[in-house]
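Novice: Right, I'll just put the structure down here and ask away after.
Just so you know, all these numbers are worked out from the coordinates, no wet-lab data involved. From a predicted model like this one, the values you see are computed outputs, not experimental measurements. Here the Cβ positions follow ideal geometry from the backbone for every residue, glycine too, while neighbour counts run over all protein chains shown.
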């Protein structure tokens with residue numbers, strides 16, 4: 001804090017003038033501004049509006065901070081609930097794969113298990129097959145149930161990370177809402193049992209986002225190195241992640257641009273570590289396994305299916321009726337640029353249509369038929385996601401979060417939708433960015449709820465008083 005005015009008789013008047021007198025008399029300051037300790041000199045906040053106090057307060061820096069702010073009993077209850085839901089799903093799924101793409105990951109995992117490295121005859125990145133191979137070492141080769149049990153901690157960790165992100169950006173009230181919303185999310189629950197890299201990808205990405213938010217306020221070496229390594233791992237989970245990873249680094253560069261030479265140096269370190277880690281893996285994998293998985297073979301095929309298969313090309317103006325012919329990366333880029341030059345209106349129509357479909361609450365374009373793709377099960381997605389989207393839109397303009405925080409939440413969300421719009425968008429592609437929609441929804445709901453809600457805790461009253469006083473905490 002920058003305010004060091006001495007105590008004097010005018011303090012009550014100044015507090016009233018700033019609109020925070022009642023706020024300072026309410027429950028402890030740390031409940032509202034987690035890094036303003038209860039023993040802080042209250043007069044230091046005398047001339048600071050509530051909005052400025054929120055902006056100047058540093059974000060909580062650990063899980064312990066969230067544990068103290070949200071409440072031990074509340075946090076443990078939600079995490080146990082999320083654990084029970086995900087265990088129930090895993091027991092119900094058994095040892096079946098349910099979706100055919102799992103077999104490609106399984107084939108590469110068996111190759112790793114036998115010491116041959118990733119099988120690049122199937123167009124899948126290496127990280128998730130390595131994860132499956134690790135599960136096979138103790139569960140037995142081809143034991144899908146073992147993979148699901150290994151994913152279980154990641155599914156619960158994703159709930160905690162989502163709550164922490166909301167807490168660090170908007171306070172304890174938003175953190176509590178985000179914890180419950182992520183614990184009950186049908187897609188996040190389902191992804192825990194899905195034998196795809198979805199949950200692993202989501203955990204790595206949200207951890208990188210949390211550290212990015214930390215770096216924006218306190219540029220340090222270790223978070224910078226961790227961000228670089230995490231983004232490289234995200235890319236190893238799914239090559240499509242190169243776009244949200246690049247967007248996240250770009251946001252970090254923009255955030256630190258006016259922060260001085262030290263901040264820019266730390267951000268440069270994060271970018272450099274990402275690049276070095278990716279290049280190191282490509283060199284090592286090429287020399288050791290005869291490939292790196294860095295290709296657009298899968299992307300080309302998906303793009304062809306999007307324009308050729310009647311399941312996906314309904315409403316598209318650009319269609320491809322010929323057989324699939326793979327080409328080089330340069331050939332793919334050149335072909336798409338040619339289409340954009342010669343048919344710009346049709347190309348932008350198809351892209352914008354897919355971009356909007358990315359946020360569709362109805363899970364469609366599903367070719368697998370099993371007990372998890374029935375219309376009744378898919379209806380859960382609509383019932384859950386529609387309120388999240390509406391509240392998220394409110395959270396973009398209202399609620400206890402800075403504009404800087406909102407922009408960071410939009411970066412992985414919009415960049416992921418941007419790149420998938422060139423191919424096919426499906427509900428499961430949205431799962432890695434659903435935590436950011438949940439955080440935005442938690443911010444929006446915080447702005448709408450009354451001052452005191454029992455399950456959100458007593459500190460919500462003080463939070464609402466700040467907003468109602470005309471000094472919104474939005475940045």
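Novice: Given the Cα-Cα distance of residue 80 and residue 297 and 0.36 nm per residue of separation, how much length would full extension add, in nm?
Specialist: Values: separation 217, 0.36 × 217 = 78.12 nm, distance 4.15 nm.
Length gained between residue 80 and residue 297: 74.0 nm.
Novice: Give the separation of the Cα centroids, the stretch 217-231 to the stretch 346-375, in Å.
Specialist: Cα centres, the stretch 217-231 to the stretch 346-375: 35 Å.
Novice: Label points 7 Å out from Cα along the Cβ direction at residue 121 and residue 222: separation in nm?
Specialist: My value for the distance between the label points is 4.5 nm.
Novice: Neighbour counts of other C-beta atoms within 10 Å: give me 335, 316 arranged from fewest to most. List each step's numbers first, then the result.
Specialist: On the way: 335 13, 316 16.
If I rank by nearby Cβ atoms, fewest first, I get 335, 316.
Novice: May I ask you to derive the FRET efficiency for residue 341 and residue 310 from their Cβ-Cβ distance with R0 = 25 Å, giving the value to the nearest 0.05?
Specialist: Numbers: r = 28 Å, r/R0 = 1.10.
Given R0 = 25 Å and the Cβ-Cβ separation, E is 0.35.
Novice: Once each part is reduced to its C-alpha centroid, what is the distance from the stretch 240-262 to the stretch 127-171 in angstrom?
Specialist: Using only Cα atoms to place each centre, the spacing works out to 27 Å.
Novice: Obtain the nm distance between the two label points defined at residue 258 and residue 318 by a simple spin-label model: each point lies 7 Å from its Cα along the Cα-to-C-beta direction.
Specialist: Once both label points are built, they end up 3.9 nm from each other.
Novice: Right, something else. Using per-residue counts of other Cβ atoms within 10 Å, averaged over each peptide, order 134-144, 369-379, 430-440 from highest down. Mind showing how you got there, number by number?
Specialist: Numbers: 134-144: 15.6, 369-379: 12.3, 430-440: 26.5.
Result, highest mean first: 430-440, 134-144, 369-379.
Novice: Another question about this same structure. Based on the mean of other beta carbon atoms within 10 Å per residue, what is the order of 90-103, 201-214, most packed first? Mind showing how you got there, number by number?
Specialist: Values: 90-103: 14.4, 201-214: 24.1.
Result, highest mean Cβ count within 10 Å first: 201-214, 90-103.
Novice: Next question, about the same structure. Tell me, what is the percent relative contact order of the stretch 139-202, built from C-alpha pairs under 8 Å that lie six or more residues apart?
Specialist: Relative contact order here is 38 percent.
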